[in-house]
Amino acid sequence: QTFLLFRNSTYSLTHPQICASSHLFGDHEFFCFLDAKGQYLFDLICHHLNLLEKDYFGIRFVDPDKQRHWLEFTKSIGKQMKSQPPFTMCFRVKFYPPDPAALKEEITRYLVFLQIKRDLYHGRLLCKTSDAAILAAYILQAEIGDYDPGKHPEGYSSKFQFFPKHSEKLERRIAEIHKTELSGQTPEMSELNFLQKAQILETYGVDPHPCKDVSGNPAFLAFTPSGFVVLQGNKRIHFLKW
């Protein structure tokens, strides 16, 4: 029999002995039959996470043509898969909250924090270098606490991967902010400050889909919490507010 197994944010539909892995929510495994509805799997994960504010989240998978799809909760899991096992899915933010600070549950804020942290690392959350340094410093404070010269030697920030790529100058600026401006902030406070900084950026909540403009130039379409955007390169060229 074929089962769906879950570990972290990644799921694998395969034989029970095989499981996919990733690095988002901790190592856990969930089992369900392929004929189970998507809602069953979603509820199973939310129950494990003790997640009550479910409406912001979904489960996504990529088909053999590299097209992304959200798992439909009213249909069986097996009927939505277009390839052979193993299948991989990701539990992630689907609708970004306009104001993360207004979320009621700490676990919801933490999961949104993890998602935006991943967006920053994968280059989806684009921003100026000065903003990038502040965001990375908040992550550093949340993960290692106050700067301690006995524990954090020169270049300590370089051990963390905040972006797809960055310069030594940016690393030094991240460490400088962490050392001088964030002392005393708890992890929860740093995560909240990170969210409040991220939410005002133009690419907050952007999930880009490739397209071409009228001249045939590559571009990206994206829906955000505040409206519909068209991106070219690192710049927003059109914005339609909801």
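The values are calculated or read from the model by the stated rules, or taken from the named source; none is laboratory data. Owing to the predicted nature of the structure, the values given are computational and were not obtained by experimental measurement. Virtual Cβ from ideal backbone geometry, glycine too; neighbours counted across all protein chains shown. Just so you know, the surface numbers come from the protein's heavy atoms only, side chains and all, with ligands and any DNA or RNA stripped out. Shrake-Rupley method; radii C 1.70, N 1.55, O 1.52, S 1.80 Å.
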Exercise for review: Report yes if ALA136 is in contact with a Pro (Cβ under 6 Å, 6 or more places away or on another chain), outside any strand (DSSP E or B) and either open to solvent by less than 50 Å² (accessible area, probe 1.4 Å) or β-branched (Val, Ile, Thr) (or both), otherwise no.
Suggested key: no
Exercise for review: Enumerate the pairs (first residue in the stretch 71-91 and of a type in the set (Ser, Thr, Tyr) and modelled with pLDDT of 85 or more; second residue anywhere and buried (at least 16 other Cβ atoms within 10 Å of the Cβ) and in a strand (DSSP E or B)) with beta-carbon separation below 8 Å, excluding pairs fewer than 6 apart on the same chain, so at least 6 apart or on different chains.
Suggested key: THR74/LYS37; SER76/LYS37
Review point. Does GLY216 satisfy being on the phi > 0 side of the Ramachandran plot and either under 21 Å from the mean Cα position of the chain (by Cα) or in contact (Cβ under 8 Å) with a residue 12 or more places away in the chain (or both)?
Key: no
Review point. For the stretch 140-189, how many residues meet the condition of being part of a helix (DSSP H, G or I), surrounded by fewer than 18 Cβ atoms within 10 Å (Cβ to Cβ) and acidic (Asp, Glu)?
Key: 5
Check your understanding: Within the bounds of the stretch 88-98, is there any residue that is basic (Lys, Arg) and out of contact with any Gly (no Cβ under 8 Å at 6 or more places or on another chain)?
Key -> no
Exercise for review: Considering every residue within the stretch 116-130, establish whether at least one is assigned to a loop (DSSP other than H, G, I, E, B) and open to solvent by 80 Å² or more (accessible area, probe 1.4 Å).
Suggested key: yes
Review point. Are any residues in the stretch 47-97 among the hydroxyl-bearing types (Ser, Thr, Tyr) and part of a helix (DSSP H, G or I), and if so, which ones?
Key: TYR56
